[in-house]
1. Which value, in debye to the nearest 20, gives the size of the charge dipole of segment 39-78 about its Cα centre, when Lys and Arg are +1 and Asp and Glu are -1 at the Cβ?
2. Leaving out ligands and nucleic acids, and using a 1.4 Å probe, what accessible area per residue does the chain come to in Å²?
3. For segment 1-96, just run the numbers: alpha carbon Rg, then divide by 2.2 N^0.38 Å, N being how many residues it has.
4. Run the dipole for the chain about the Cα centre, Lys and Arg Cβ at +1, Asp and Glu Cβ at -1, nothing else charged, and hand back the magnitude in debye, nearest 20.
5. Name the residue from Ala92, Thr56, Gln171 whose Cα lies farthest towards the positive end of the charge dipole of the chain, charges +1 on Cβ of Lys and Arg and -1 on Cβ of Asp and Glu.
6. Normalised by the number of residues in segment 166-220, what is the relative contact order in percent for Cα pairs under 8 Å and 6+ residues apart?
7. Given only helices, namely DSSP H runs of n ≥ 4 each adding -39500 (n - 2.57), what is the per-residue ellipticity at 222 nm of the chain, to the nearest 500 deg cm²/dmol?
8. Please give the charge dipole size of segment 6-49, origin at the Cα centre, charges +1 on K and R Cβ atoms and -1 on D and E Cβ atoms. Round to the nearest 20 debye.
Amino acid sequence: MRADPAVQRRLLDLAEVDAELNRIDHRRRTLPELVEIVERENVERTKRDKVIAIQTTLRDLNRDAIRQETEIEAVRAREERDRTLLQGNVSARQLVDLEHELGTLSRRQTSLEDDLLELMERREAVEQDVAHAKSEHEAAETALADVRKRRDEVFGDLEVSEIRRTKDRAQLVPVFPADLLALYDRIRKQKGIGAALLRARKCGACRLELDRNAIAHIRDTAPEEVVRCDECGAILVRTPESGL
Ligand SMILES: [Zn+2]
């Protein structure tokens, strides 16, 4: 393939733009924030689950407390009924029975009230746990939002650079004949770098030094002829720096 040496040299500009586009793409895929986001999402989810679990415990305790209060109320009503009965005309037998029952009810009530007190103390502790878990969850949410914001900022910058470079590329492309551009793009897709400067006998793409035979061959090749690196396939652009 042949191409004007000046046009061949412009391939270096194209390769630079493409290298920059590759860097942008690589940066976007390997952003440390992406790993951090996954980690912080896990933390946030764990903290949220914890809040839900403690809230469930609290709800259960509230339900138990209501049940306990209802039972205490029932015992109290029964006591009141018995006392009212005692004030009326009762037989000696009924008197004994009622007093016995009142004793039992009183012990029952004390026991229920003790249980309720314990329950309320536990509820107070669990309420504190809920508050603590909520604040931890909020902190996790904030940290997650922060890292997402940082990611979005970097993505925004990368997008600006990408748009600019894509525009640069679109302006460069018409410089090249279709066959040369097609060759360049094919090598770039396969090997990553489509063209590079041959500098001091080294291929700028794979960094390998060309052997004497290869250098002699290139030296004897007309400047219009497109030459490629034997190692990596990149189009080698010759300039006075090439060491030929
Ligand atoms: Zn090479």
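The values are calculated or read from the model by the stated rules, or taken from the named source; none is laboratory data. Owing to the predicted nature of the structure, the values given are computational and were not obtained by experimental measurement. Positions of Cβ are generated from backbone atoms using ideal geometry, with glycine treated the same way; all protein chains shown enter the neighbour counts. Each accessible area value is taken on the protein alone, full model and side chains, heavy atoms only, with ligands, DNA and RNA left out. Shrake-Rupley method; radii C 1.70, N 1.55, O 1.52, S 1.80 Å.
1. 40 debye
2. 65 Å²
3. 3.26
4. It comes to approximately 1780 debye.
5. Most positive-ward Cα: Gln171.
6. Value for segment 166-220: 15 percent.
7. Calculated mean residue ellipticity at 222 nm is -28000 deg cm²/dmol.
8. With Lys and Arg at +1 and Asp and Glu at -1, about 40 debye.
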